[in-house]
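Colleague: One structure, as structure tokens, below. Some questions next.
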Amino acid sequence: MSIESDELCINLSEESKTMMDEQKTMQDDQIDQKESLQLIEDQIENQIEDKNESQNDQNEASLSSKNDELKNFSKEVRNLLNLVKDPDLNHSIKEFENLKIENKVQLRRFIELLFEFISKRSSFDKVPSNCEKLAVICEKMSDLTVQSNDKSIQFHDLLIEISRKEIDKMCLKSTAIIKKQDKEDAKKERAKNHQIKRKAKEKCFVCIKFISELYRINQLNEDIIDYAIEQLIEINDAESFKVLKSLLKLAGQKHENSAYKEKFDQQMNKLQDIEQRNELKLEEFY
């Protein structure tokens, strides 16, 4: 019995050892599998990171390239705008017509630069000539169309949109300056604000002159003139009324005879009420 018992114990011990070895092998295999899976996950994650970094680099390079293209385009447009002072307008027009405008960004930038050029050259003796010339150039380019996201963008439509934004910008600046002046008491600050207001008035004047000229040759519609009149009346100060007077001298008669006649009459009545209440002497508008 003792021998058989010893043999049984030995067998059990060997079986137990075998089972333990098998369990250890299974555990090692599981560890190896986990390490393999982790390695695969790390590789995939690294690949994704590398791809993202590469995509970011490409996007940055593309954005940088587009910015450079827009800068070069802006420089070319500014150079052409300097030709506007040339007495030979036909030569200037030809140069603008040869300008390559290939997308909406460039077209928008081109129109914005027209307003920028006008506002920075606000010497009153040159304003009428510059505005008239640029308005004629816009008329010649009015049929220009570019593609954006499978949609056609017309020069004329974008000109209307940007003109409205320029009116908003002009009126907001004027209002901000007026409010600031009301709060400033120091003599030095008042003098400084007077200069700022004078320059803002000049820019406002040339902006309205340009818009009026565009309207006169049918490059802008009645909506824009009506909007400009409303905004200038809302500012309700002597300087804005002087700008409004300039607008009405240039576009008032045509606007009065448009589909906006009834509203135009209401605006004139409102203006007369403000004039009497504030004792503003504006004489005849148009």
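Colleague: Which residue is surrounded by the fewest Cβ atoms within 10 Å (Cβ to Cβ), if the candidates are limited to region 141-161 and must be touching a residue at least 60 places away in the same chain (Cβ under 8 Å) and out of contact with any Ser or Thr (no Cβ under 7 Å at 6 or more places or on another chain)?
Modeller: Top of the filtered list is 142.
Colleague: Filter region 61-85 down to the residues that are under 19 Å from the mean Cα position of the chain (by Cα) and aliphatic (A, V, I, L, M), then identify the one that is farthest from residue 143 (Cα to Cα).
Modeller: That would be 63.
Colleague: Of the residues in region 86-138, how many are among the basic types (Lys, Arg) and either modelled with pLDDT of 90 or more or within 21 Å of the chain's Cα centre (by Cα) (or both)?
Modeller: Pass one, region 86-138, residues among the basic types (Lys, Arg): 94, 100, 104, 108-109, 120-121, 126, 133.
Those still in the list that are either modelled with pLDDT of 90 or more or within 21 Å of the chain's Cα centre (by Cα) (or both) too: 100, 104, 108-109, 120.
Adding up the residues that qualify gives 5.
Colleague: Quick one: is residue 132 assigned to a helix (DSSP H, G or I), without any contact (Cβ under 8 Å) to a residue 12 or more places away in the chain and surrounded by 14 or more Cβ atoms within 10 Å (Cβ to Cβ)? Break it down into steps so the answer makes sense when it comes.
Modeller: Working: assigned to a helix (DSSP H, G or I): yes; without any contact (Cβ under 8 Å) to a residue 12 or more places away in the chain: no; surrounded by 14 or more Cβ atoms within 10 Å (Cβ to Cβ): yes.
When the stated conditions are applied, residue 132 does not pass them.
Colleague: Return the pair list, or none, for Cβ contacts closer than 6 Å from residues in region 198-215 that are farther than 15 Å from residue 164 by Cβ and assigned to a helix (DSSP H, G or I) to residues that are at pLDDT 85 or above and not charged (D, E, K, R), at least 6 apart or on different chains.
Modeller: 206/118; 209/131; 213/131; 213/135
Colleague: Can you tell me which residue among 223, 185 is surrounded by fewer than 17 Cβ atoms within 10 Å (Cβ to Cβ) and at pLDDT 85 or above?
Modeller: Of 223, 185, the one residue that is surrounded by fewer than 17 Cβ atoms within 10 Å (Cβ to Cβ) and at pLDDT 85 or above is 223.
The values are calculated or read from the model by the stated rules, or taken from the named source; none is laboratory data. Values in this document were obtained by computation on a predicted structure and should not be read as measured data. Please note: Cβ atoms are built from the backbone with ideal geometry, for glycine as well, and neighbour counts cover all protein chains shown.
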